[in-house]
Structures are given as C-alpha cells and as structure tokens.
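Visitor: Pasting a structure here, questions to come.
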Amino acid sequence: MKRQEISKGCALCNKGVMHKNQIGFYRITLDHFIVDLKAIQRVHGLEQYFGVAYVMGTDNNLANKMSTVNFLICDDCMFGELIQLLVIKDKILEE
Ligand SMILES: [Zn+2]
C-alpha cells in the first residue's frame, strides 16, 4: 500500500493508523446493495413453476450494488469499536 492511501489515517478515530505504534491496520471494503424485488419475485415464480433445481441453474442478479467505499481502520479501533468484524474475519478464515 502506498503512502497516499495510508496517510488518510483511520476512518473512525481520524488518527494515523500507527498512532499508538501499532504495526497493523485494516482496509475495509464496504459494498452497499439494494435487493431487486421484481427479480426476486420473478425467480420465486420460476421456482414455483419449474422447481428450485431449474432456477438454481440460472444466474439471476437479485441485488444491485449502489456504492463501494474503501477505508482504513487502525488496530486500536478494530479491537475496540469493531471487534465483531474480527470475529467474522476469523470465522470466514476458518471455513
Ligand atoms: Zn482508529
């Protein structure tokens, strides 16, 4: 990661990501999606008519991405305010 991105600092505390001499920090990517209700209703209708196995074979887009943001979080904030994200991360890594 380049200096320009690191110098933005922690998005939560607004301090540098190494403000307590931590050597680790996190980059969070947050995608916001909105479900496509018409697509869900259409898939549900196809499932009712053709069966789940038929519909599973198709590649239906059921939600649309509205925005994506990336930001940094320092170790201090991650182990404090956002500890549940670490629990999720560890759970996914174990899978
Ligand atoms: Zn922070």
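Visitor: Considering only the chain, give the helices (runs of 4 or more DSSP H) lying wholly within it that have at least 1 residues that are surrounded by 11 or more Cβ atoms within 10 Å (Cβ to Cβ), of a type in the set (Ser, Thr, Tyr) and free of Cβ contacts under 8 Å to residues at least 40 places away in the same chain.
Guide: 52-56
Visitor: Tally time: how many residues in region 1-29 are of a type outside the set (Gly, Ala, Ser) and closer than 15 Å to residue 69 by Cβ?
Guide: Residues that pass the stated criteria total 8.
Read-outs throughout are calculated quantities, based only on the coordinates presented, and are distinct from any laboratory measurement. Keep in mind the model is a prediction, meaning the values are calculated, not measured. FYI the Cβ positions are ideal-geometry reconstructions off the backbone, even for glycines, and counts take in every protein chain you see.
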